[in-house]
Amino acid sequence: MRKRTLYPRIYAALKNYALFLSVGILFFLYGCNTKETDPTPATVGPATLDKISAEPATKWADMTLSMIRHTAGFSPPVAARAIGYTGLTMYEAIVPGMETSQSLAGQLSGLSTLPKPEANKVYDWTLSLNAAQSSIIKNIFANTSDANKVTIDSLENAIEASFGKGVPADVAERSAKFGQAVANAIFEWSKKDGGHEGYLRNFPADYKVPVFPGSWQPTENGKKIPMQPYWGKNRLFVAANGTLTLPQPIAVSTAVTSQYFAQYLEVYTKNKALTQADKEVSVWWADDPSETFTPPGHSYNLAKITVGTAKAGLGKAAETFARTGIAVADAFTNCWKCKYVFNNERPYTFVRRAIDPDWIPFWPAPPFPGFTSGHATQSAANAIVLASLYGDSFKFTDVSHVGRPRDAKRNVDFKARTFNSFWESAEESAYSRFLGGIHTRQDNETGLVEGRRVGRNINALKWKK
């Protein structure tokens, strides 16, 4: 057989091979719709990567979300970090095959170089992505169960069998090795960020909880130590996000005429008069880590929904997951820094000591300080990066929790929610925490502002040549 080059005309003959006959059953197990998959190998050249099916990218995104939900210790900050590295790895595994895009090596904090493909050699970028995702997910979720590791291997094998059909053995091997090399390099870099194996220390016993007027105190969850108090010291993906000035909360006061009192009174008053629609919003965005893929996982799932809605190709899908991953990771790090600089009390604490000692919020307060809101910050950052790729008026339907059993305790069903823009969904995500009685207005509004700043810095990276 004549050696293939990077140009599509050499591969026209490959378009006629049979679709997935030998692996249909296995791929079906992972929800792959073979009827809609473009079988053209991704070796056809850099200009065609956005014509290649994004299905492998979205399947690996699903795998990341599954690992978050089914692996011990992946609290929201830890999950956000995981998404940051898996999303970036997806992009870097195929960016050499993207004609107008470039690597983020040399642009991210401490990431000076990454492996490069061999010159004048053919690569199948789908297979590079496939091997890279399998490798980085196994490393980031090193504590997951053996059964989960089997599902990772099975998905890798299924994608390789389906999308690698017709690819010469030497090309397939070279492509997989490149993807693995990229994943290994990114994982080694990740070990130095301060969050490595963070799933082992969500509630560090050595942390001394500060006590002062208006400080965080244990809520109905009963946790004596708040979650990930050192997370804000972690290295950020984008250095510019580390130079952002911290926002200042309203001064603490129990005076009934103060702004501070008014913030908490507003939460209490609204919480006692929630409509059914309010409850549906609150529960939809709750994303309890014990039951879902966490708030940053919700953002990653919105990225996946966006890719599907826009019918994006492999290249744009990979960039989408990279931008969202970096956005939620840096948003959580900055948010957690803010939380533990101010250690601001939750509505549960203030209302019970200054307004109503018997009050219980609609949703249990998470075990960490209130200012600013993690939901608001990461949702805003995600909205900004997605809008940069798909526009400010992109309409989509969030089906993240469709199919979940109704919340009988709160009398709420999980119904799909449609938005006319990414920012509209971010605002609802933030507002949901106010409705839950978990955050004040300042927590949410400030979080949205800070998340927007984080997202803009990510968009400011040189993604294009």
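Out of the residues in segment 87-103 that are outside any loop (DSSP other than H, G, I, E, B) and more than 22 Å from the chain's Cα centre (by Cα), which is surrounded by the most Cβ atoms within 10 Å (Cβ to Cβ)?
97
Sort through 135, 215 and tell me the only one that's more than 23 Å from the chain's Cα centre (by Cα) and either of a type in the set (Gly, Ala, Ser) or within 20 Å of residue 61 (Cβ to Cβ) (or both).
Working: 135 fails: more than 23 Å from the chain's Cα centre (by Cα).
None of the other options fit; the residue is 215.
Would you check if there is a residue in segment 187-196 being surrounded by fewer than 12 Cβ atoms within 10 Å (Cβ to Cβ), farther than 24 Å from residue 80 by Cα, free of Cβ contacts under 8 Å to residues at least 24 places away in the same chain and out of contact with any Pro (no Cβ under 6 Å at 6 or more places or on another chain)?
no
Quick one: how many residues across segment 58-103 are within 26 Å of residue 158 (Cα to Cα) and basic (Lys, Arg)?
The qualifying residues number 2.
Specify which of the listed residues (237, 163) is of a type outside the set (D, E, K, R), surrounded by 15 or more Cβ atoms within 10 Å (Cβ to Cβ), in the same structural domain as residue 455 (by TED's automatic domain parsing) and under 27 Å from the mean Cα position of the chain (by Cα). Give the steps one after another, and end with the answer.
Numbers: 163 fails: in the same structural domain as residue 455 (by TED's automatic domain parsing).
It is 237.
Determine which member of the set 26, 65, 6 is at pLDDT 95 or above and aliphatic (A, V, I, L, M).
Details: 26 fails: at pLDDT 95 or above; 6 fails: at pLDDT 95 or above.
Unique residue meeting the criteria: 65.
Could you tell me which numbered condition residue 377 fails, if it satisfies all but one of (1) touching a Gly at 6+ places or on another chain (Cβ under 9 Å); (2) within 30 Å of residue 107 (Cα to Cα); (3) surrounded by fewer than 20 Cβ atoms within 10 Å (Cβ to Cβ)?
With respect to (1) touching a Gly at 6+ places or on another chain (Cβ under 9 Å); (2) within 30 Å of residue 107 (Cα to Cα); (3) surrounded by fewer than 20 Cβ atoms within 10 Å (Cβ to Cβ), residue 377 is out only on (3).
Which members of segment 104-132 meet the condition of being farther than 18 Å from residue 187 by Cβ and over 21 Å from the mean Cα position of the chain (by Cα)? Lay out the reasoning, then the answer.
Of the residues in segment 104-132, the ones farther than 18 Å from residue 187 by Cβ are 106-107, 117-127.
106, 117, 118, 119, 120, 121, 122, 123, 124, 125, 126, 127 - these are the residues of segment 104-132 that are farther than 18 Å from residue 187 by Cβ and over 21 Å from the mean Cα position of the chain (by Cα).
Collect the residues in segment 210-228 that are hydrophobic (A, V, I, L, M, F, W, C) and surrounded by fewer than 14 Cβ atoms within 10 Å (Cβ to Cβ), keeping them in residue-number order.
Quick first cut of segment 210-228, residues hydrophobic (A, V, I, L, M, F, W, C) only: 211-212, 216, 225, 227.
Across segment 210-228, the qualifying residues are 211, 212.
Within segment 395-410, track down each residue that is touching a Leu at 6+ places or on another chain (Cβ under 9 Å) and closer than 22 Å to residue 362 by Cβ.
Going residue by residue through segment 395-410, those that are touching a Leu at 6+ places or on another chain (Cβ under 9 Å) are 396, 398, 400.
Listed by number, the residues that qualify are 398, 400.
For the structure I just gave you, tell me whether residue 178 is touching a residue at least 12 places away in the same chain (Cβ under 8 Å) and in contact with a Pro (Cβ under 6 Å, 6 or more places away or on another chain).
Numbers: touching a residue at least 12 places away in the same chain (Cβ under 8 Å): yes; in contact with a Pro (Cβ under 6 Å, 6 or more places away or on another chain): yes.
Taking the combined requirement at face value, the residue satisfies it.
The values are calculated or read from the model by the stated rules, or taken from the named source; none is laboratory data. Fair warning: this is a prediction, and the values are worked out from it, not measured in the lab. Neighbour counts run over all protein chains shown; Cβ positions are idealised from the backbone, glycine included.
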